[in-house]
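Scroll down for the structure; my scribbles are underneath it.
We did not get these values from a lab; they are worked out from the coordinates using the rules stated. Quick caveat: nothing in here was measured; it's all calculated off a predicted structure. Here the Cβ positions follow ideal geometry from the backbone for every residue, glycine too, while neighbour counts run over all protein chains shown.
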Amino acid sequence: MSQTSQSNTDRVYIFDTTLRDGEQSPGATMTHEEKLQVAELLDNMGVDIIEAGFPIASNGDFEAVSEIARRSKNAVIAGLARAIPADIDRAGAAVKHARRGRIHTFVSTSPIHLAHQMRKTQEEVLEIVTQTVTQSRNLIDDVEWSGMDATRTPMDFLAKCVEAAINAGATTINIPDTVGYSVPEEYYEMIKTLIETVPNSDKAIFSTHCHNDLGMAVANSLAGVRAGARQVECTINGLGERAGNAALEEIVMALQTRGDALPYHTEIDATHLARASKIVAAACNFPVQYNKAIVGKNAFAHESGIHQDGMLKNAETYEIMTPASVGIKETSLVMGKHSGRAAFKDKLKDLGYELGDNAFQETFVRFKELADRKKNVYDEDLIALVDDEMGSI
Ligand code: KIV
Ligand code: ZN
């Protein structure tokens with residue numbers, strides 16, 4: 001499908017890079033078996049493209065990408081390659097057994113990377129883009145090209161690189177905000193300008209790849225989609241280099257929940273999100289912060305009396321999506337010093353107690369005293385309080 005028709009559709013392709021960029025987080029290394037488990041999960045939940053690893057990085061990475069390529073039932077399997085012939089050959093070999101494989105090759109484009117990392121001129125980089133995309137296309141039909149540090153690259157040079165990549169046969173053009181430096185308005189303009197001005201831009205799908213150094217990875221990715229990008233690169237739990245990448249679960253649920261403001265959709269089955277988050281957190285040994293959007297322990301938990309009272313009357317008062325829609329069993333009303341009588345009564349009922357008025361008031365007062373002293377009030381504490389109260393009647 002061409003980019004013009006892509007931009008005209010509301011379908012957004014999800015490119016998950018948990019197994020590549022995510023695994024590059026310091027300390028997040030996964031074993032071969034864990035990678036296979038994560039890949040199977042991503043494939044089953046409807047991820048369109050799984051970046052399974054960086055095949056030249058190690059034999060282990062090559063084996064993992066090859067095995068995932070052989071096993072994948074639905075997703076395109078991508079292998080990453082620097083703009084180096086040996087990298088591209090290795091990535092091609094790793095994905096060749098996939099039902100649908102992709103080589104994802106990248107080169108730096110920003111002045112700071114060219115001067116200090118690559119030590120190359122712009123002309124040399126343009127030549128490299130053409131050579132590496134051509135080499136990749138000789139191995140496989142599906143080729144993605146990324147301009148590393150694109151958001152700190154002058155627009156005229158970036159546009160020339162994108163044009164060279166498309167002319168050499170790249171089918172996806174990825175515009176990474178490698179250092180998480182962009183802001184939504186700027187990223188929107190960048191993608192829109194490239195789509196509108198680069199000749200033959202309709203021959204490729206444009207893609208976002210946003211890092212979270214300023215906490216704007218998801219907002220930037222969605223701005224890119226509004227500008228016409230139709231692939232979003234993201235990771236489970238927002239795992240990734242430094243502060244991470246755009247979080248897959250946030251992208252998916254933002255599109256699912258706010259179709260009025262963001263009229264685009266993915267084919268992800270969101271009921272897998274909570275499980276995916278747990279499995280990736282366990283595999284990487286990376287705890288998920290309690291207040292993490294969508295999948296954090298507190299994402300569907302309420303403690304304040306006002307909120308708990310509202311929730312008991314109608315869940316939409318304080319929840320914009322249902323826990324079930326992301327695979328979480330139920331909302332939790334956490335008992336603490338901010339809880340009110342309504343939630344306390346409801347909790348006691350759940351525990352099998354219905355107290356008379358006086359006993360209830362008395363127990364509620366004692367519960368508040370306890371909650372002031374204790375950080376967490378567990379069911380066992382409440383049972384002890386009620387049993388004590390009943391004993392004294
Ligand atoms: O952040 C980045 O620029 C990358 C590229 C390899 C796509 O991860
Ligand atoms: Zn990245």
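Select from the range 199-222 the residues that are among the charged types (D, E, K, R) and within 12 Å of ligand 1 (Cβ to nearest atom) and list them in ascending order.
Asp213
Could you tell me whether Leu255 is of a type outside the set (S, T, N, Q), under 27 Å from Asp43 (Cβ atoms) and in a loop (DSSP other than H, G, I, E, B)? The answer is no for Leu255.
Among residues of the range 307-327 that are aromatic (Phe, Trp, Tyr), those with a Cβ under 6 angstrom from a residue that is surrounded by 14 or more Cβ atoms within 10 Å (Cβ to Cβ), sequence gap 6+ or separate chain, pair up as Tyr318/His307; Tyr318/Gly310; Tyr318/Met311. Restricting attention to the range 232-247, the residues being more than 14 Å from ligand 2 (Cβ to nearest atom) and at negative phi number 1.
The residues of the range 180-190 include none that are touching a strand residue (DSSP E or B) at 6+ places or on another chain (Cβ under 6 Å) and either without any contact (Cβ under 8 Å) to a residue 60 or more places away in the chain or aliphatic (A, V, I, L, M) (or both). Applying a threshold of 8 Å to beta carbon distances and a minimum spacing of six or more residues, or different chains, the list of pairs starting in the range 232-259 at a residue that is within 14 Å of Ile49 (Cβ to Cβ) and ending at one that is of a type in the set (Phe, Trp, Tyr) and within 12 Å of ligand 1 (Cβ to nearest atom) reads Val232/Phe15; Glu233/Phe15; Cys234/Phe15. All conditions in (1) assigned to a helix (DSSP H, G or I); (2) on the phi > 0 side of the Ramachandran plot; (3) of a type outside the set (Lys, Arg) hold for Gln37, with the sole exception of (2).
Considering the range 53-77, and only residues there that are hydrophobic (A, V, I, L, M, F, W, C), touching a helix residue (DSSP H, G or I) at 6+ places or on another chain (Cβ under 8 Å) and farther than 15 Å from Val38 by Cα, the residue that is nearest to ligand 1 (Cβ to nearest atom) turns out to be Phe54.
Given the options Glu196, Glu186, Glu250, name the one that is surrounded by fewer than 24 Cβ atoms within 10 Å (Cβ to Cβ) and within 23 Å of Val326 (Cα to Cα).
Just one listed residue meets the conditions, Glu250.
Within the range 149-182, restricting attention to residues that are of a type in the set (Val, Ile, Thr) and outside any helix (DSSP H, G or I), the residue that is farthest from ligand 2 (Cβ to nearest atom) is Thr171. Being part of a loop (DSSP other than H, G, I, E, B) and touching a strand residue (DSSP E or B) at 6+ places or on another chain (Cβ under 6 Å) is the filter here; which residues of the range 229-252 pass it? Listed by number, the residues that qualify are Ala229, Arg230, Ala246. Do you know which residues across the range 234-254 are of a type in the set (D, E, K, R) and more than 20 Å from Lys297 (Cα to Cα)? Hits for the range 234-254 are Glu241, Arg242. On the stretch given as the range 183-214, residues that are under 22 Å from Lys292 (Cβ atoms), touching a Ser or Thr at 6+ places or on another chain (Cβ under 7 Å) and in a loop (DSSP other than H, G, I, E, B) total 0. For the condition in contact with a Pro (Cβ under 9 Å, 6 or more places away or on another chain) and either of a type in the set (A, V, I, L, M) or within 13 Å of ligand 2 (Cβ to nearest atom) (or both), Met190 does not qualify.
Residue-wise test of (1) of a type in the set (Gly, Ala, Ser); (2) surrounded by 20 or more Cβ atoms within 10 Å (Cβ to Cβ); (3) over 19 Å from Lys160 (Cβ atoms).
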position	(1), (2), (3)
Lys96	no, no, yes
Phe106	no, yes, no
Pro111	no, no, no
Met118	no, no, no
Val133	no, yes, no
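Selection of the range 290-322 for residues being under 30 Å from Glu33 (Cβ atoms) and either of a type in the set (A, V, I, L, M, F, W, C) or in contact with a Gly (Cβ under 6 Å, 6 or more places away or on another chain) (or both) yields Tyr290, Ala293, Ile294, Val295, Ala299. Every condition in (1) touching a residue at least 12 places away in the same chain (Cβ under 8 Å); (2) closer than 25 Å to Tyr181 by Cβ; (3) more than 16 Å from ligand 2 (Cβ to nearest atom); (4) more than 14 Å from the chain's Cα centre (by Cα) holds for Ala229 except the one numbered (3).
Just checking, how many residues over the range 333-364 are outside any helix (DSSP H, G or I), charged (D, E, K, R) and surrounded by fewer than 16 Cβ atoms within 10 Å (Cβ to Cβ)? Break it down stepwise before answering.
Initially, the range 333-364 is screened for residues outside any helix (DSSP H, G or I), giving 333-340, 351-356.
Next cut, charged (D, E, K, R) only: 337, 354.
Add one more test, that the residue is surrounded by fewer than 16 Cβ atoms within 10 Å (Cβ to Cβ), and what stays is 354.
Going through the range 333-364 one residue at a time, the tally reaches 1.
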